[in-house]
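I have placed the structure first, in the form of structure tokens, so that the comments after it can refer back to it.
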Amino acid sequence: MGYLNNAVVTVDAILTKKGRELLARGDGSFKITQFALSDDEIDYTLYNTTHPSGSSFYGEAIEAMPILEAFPDENQIMKYKLATLPRGTSKLPLLEAGYSAIRIKQGASLAITPQTLNYLGATSTFEAAGYTATIADVRVVSNFSGVGVNTEEAERLNAVTTAGTNVSKTVIGTSINLTATTVNTLFGSRTQLQTTLTLVGRDSGARITIPVTIIKVNN
Amino acid sequence: MSFKRFDNEDIVISADSISSPAWTGNEVRLQNFFTSSAQIDGPTGKYFYDVYNGAADAAASQIQFSIAYGNKDGSGSSALNASVASNSPSSIIYKQYRSLINGSEDIELSFDGTDVTHIYSIAIQRARYKEKLLPGSLTLQLGDLFLTDNSKEVTTQTFTDAGRVFQIISGSAGTKTDSPKDTAAKGNSKSHGSYGLFLPDTGLIILNGKALDAPVSDGGVALASATASVAPAVENMALIYDKLEAPTNGNFTVRSEETVSSNYVFVRARNSEFNYSTNPSNITGSGELRHSSMIDSPQSYITAVGLYNDNNDLLAVSKLSRPLLKDFTKEALVRIKLDY
């Protein structure tokens, strides 16, 4: 991964893994119809409202930042989307999953129904297009599925099975069901396993990542 | 709120032709040639010689092209089976190319009107030319003879079953020599037609054996192809290889040509759009903006553009080379080029 030349504004477009998959399927699902903008890599604490040169220089440090090249994992890019909101907005959409961290025992199940706060004028709402949920290590769950969204894409993602390797799995739904694994060998000598669950509002772009801990109970 | 649909005129498809050196490492001119004794001594060595850009056993070396010899009657190599004298590697090669180029067993390979029954082929390795070779870019030096194609000399294109075909003439880089040997001054050999055929769409160069066998005074290189019906002491492929190697600095230059289809996508962010960031460093735990000055004068910094389908699947992504400031007084127009 290298830094891009920042002398001029240029773009470097690449297909994501998902894009390649859909292109290979050749069923028309690779059809660009919309776009989103994001400010991944930007740290707004660099926005200096006490800059001695005045407000024109508040963003000086951010604007000088070199940007990394694009990478093809769709789960690791376009994380923080820019939103179109009325001028004067003071609160931005946030996801609330009901958990700041998830700790469940082996074999236990959990249903997560995310809500979006500060969205479309409502304090709290459920997004119509649902939520994308990604578990970073699919081995730690025996079931990981989304319910409530019945699109072809959602059903296809639910049907995907991955076994044996430490890879992520993504599902779509208004509610996400997960069941902790009962397989002891994954633990080795440890008493718990850790991974993360990332939820993204498919309309708002709001995002939250929650640590997940599976506690060993079987001997 | 985070997604904006494209208008029809925002997505444009364009096809551009791109040319680049054919050889490994984008070397413009191949000067040194190497073969593999293991390949030559193996079962394929009777049919063709693979030619490398470095020592065949070196990690960085790759096959650049292959040389084969073809003879209609099977001469120049021993028969596969003594009871079928005409079936030899050379006859197999000749008939292979005759079929590929003419699509008929009744029409012999012809070099600007002269039928010839023994040929040499140079097949450029597929990985070297992405889609096709670029007419007018060829320079092939055999001993003191410089050859090129006549694509700059002709006004109409000729097609065979193997795509476009151009005659190979005396000259370099598409330019005919100043002193051609033929009376018509086409750049052909004195009395055996053109020096070969250049088939850019299939990456092939077919050389006229008769023209190369001719003495230097007649425009040839006195190749002395072996035409007996037994395996020669030196395979005919080696004769061409030796002529390639004969100059102190050899010269085999040709460029590849590729048509790249690109989607140009115009991303337009209006002044009222995309001014707020969901970046966690921009908001507090309750969703309030970190900097109160951004409530009425929000500023965001575009670093990436994501292209989505109707299912909100991220199909392609592009990064800007530096953060682009966006606020209610600015509009952004970003052109994204997407090749596949």
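The values are calculated or read from the model by the stated rules, or taken from the named source; none is laboratory data. The structure presented is a predicted model; accordingly, all values stated were derived computationally and were not measured. Here Cβ is always computed from backbone atoms with ideal geometry, including for glycine, and neighbour counts include all displayed protein chains. SASA here: full protein model, heavy atoms, side chains in, ligands and nucleic acids out. Shrake-Rupley method; radii C 1.70, N 1.55, O 1.52, S 1.80 Å.
Structure summary
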{"item": "Per residue, in Å², the accessible surface of the range B:225-310 once ligands and nucleic acids are set aside, probe 1.4 Å", "result": "37 Å²"}
{"item": "Across A:Lys91/B:Lys319; A:Lys17/B:Lys337; B:Lys181/B:Lys210, pairs whose alpha-carbon gap is larger than 21 Å", "result": "A:Lys91/B:Lys319"}
{"item": "Long-range lysine pairs (8 or more apart or interchain), the range B:1-155, Cα under 22 Å", "result": "4"}
{"item": "Extension gain from B:Ser19 to B:Ser110, taking 0.36 nm per residue of separation minus the Cα-Cα distance", "result": "29.8 nm"}
{"item": "Cβ-Cβ FRET estimate between A:Arg87 and A:Thr185, R0 fixed at 56 Å, reported to 0.05", "result": "0.50"}
{"item": "Cα gyration tensor, the range B:23-253 - rounded (a/c under 1.5), prolate or oblate", "result": "rounded"}
{"item": "Reduced Cα scattering model of chain A, Debye log10 I(q)/I(0), q = 0.08, 0.09, 0.12, 0.14 Å⁻¹", "result": "-0.37, -0.47, -0.81, -1.04"}
{"item": "Rough spin-label spacing in nm, given labels placed 7 Å along Cα→Cβ, for B:Val216 and B:Ala59", "result": "4.4 nm"}
{"item": "Residues in the range B:251-290 occluded by at least 50 Å² - accessible area, probe radius 1.4 Å, against chain by itself", "result": "B:Phe274, B:Tyr276, B:Thr278, B:Asn279, B:Ser281"}
{"item": "Charge tally in the Cβ shell below 14 Å around B:Asn102, where Lys, Arg are +1 and Asp, Glu are -1, B:Asn102 excluded", "result": "-2"}
{"item": "Cα-derived Rg to Rh of the range B:183-241, Kirkwood definition", "result": "1.03"}
{"item": "Eligible aspartates and glutamates near B:Lys330 by straight Cα distance, threshold 12 Å, same-chain separation 8 or greater", "result": "B:Glu273"}
{"item": "Surface share of carbon and sulfur [accessible, 1.4 angstrom probe, percent] for the range B:23-253", "result": "49 percent"}
{"item": "Gain on full stretching of the segment that runs from B:Val28 to B:Asn87 - 0.36 nm per residue minus C-alpha separation", "result": "17.3 nm"}
{"item": "Charge context of B:Lys330, other residues only, Cβ under 14 angstrom, K/R +1, D/E -1", "result": "0"}
{"item": "Length-normalised contact order of the range A:94-215 in % [C-alpha pairs under 8 Å, at least 6 apart]", "result": "37 percent"}
{"item": "Charge context of A:Ile210, other residues only, Cβ under 13 angstrom, K/R +1, D/E -1", "result": "+1"}
{"item": "Gyration tensor verdict on the range B:44-104 (Cα atoms; rounded if a/c is under 1.5, prolate if a/b is larger than b/c, oblate otherwise)", "result": "oblate"}
{"item": "Efficiency of FRET from Cβ geometry, A:Ala108 and B:Asp327, R₀ 51 Å, rounded to 0.05", "result": "0.60"}
{"item": "Heavy-atom SASA rank of A:Thr123, B:Thr44, B:Thr148 (probe 1.4 Å, accessible area, largest first)", "result": "A:Thr123, B:Thr44, B:Thr148"}
{"item": "1.4 Å probe accessible area per residue over chain A, in Å²", "result": "48 Å²"}
{"item": "Interface residues in the range B:1-50 - accessible area drops by 30 Å² or more relative to the isolated chain, probe 1.4 Å", "result": "B:Met1, B:Ser2, B:Phe3, B:Lys4, B:Arg5, B:Phe6"}
{"item": "Positive-pole candidate from A:Ser124, A:Pro86, A:Thr179, dipole of the range A:67-185, charges at beta carbon", "result": "A:Ser124"}
{"item": "Percent RCO, i.e. relative contact order, over chain B, from Cα pairs under 8 Å lying at least 6 residues apart", "result": "19 percent"}
{"item": "Cα gyration tensor category, rounded, prolate or oblate, for the protein assembly as shown with a/c compared to 1.5", "result": "prolate"}
{"item": "Fraction of accessible area attributable to carbon and sulfur, the range B:267-340 (%, probe 1.4 Å)", "result": "43 percent"}
{"item": "Accessible-area value, A:Lys17, 1.4 Å probe, nucleic acids and ligands omitted, Å²", "result": "120 Å²"}
{"item": "Total accessible surface hidden between B and A, rounded to 100 Å², 1.4 Å probe", "result": "6600 Å²"}
{"item": "Apportionment of accessible area to carbon and sulfur, chain A, percent (1.4 Å)", "result": "51 percent"}
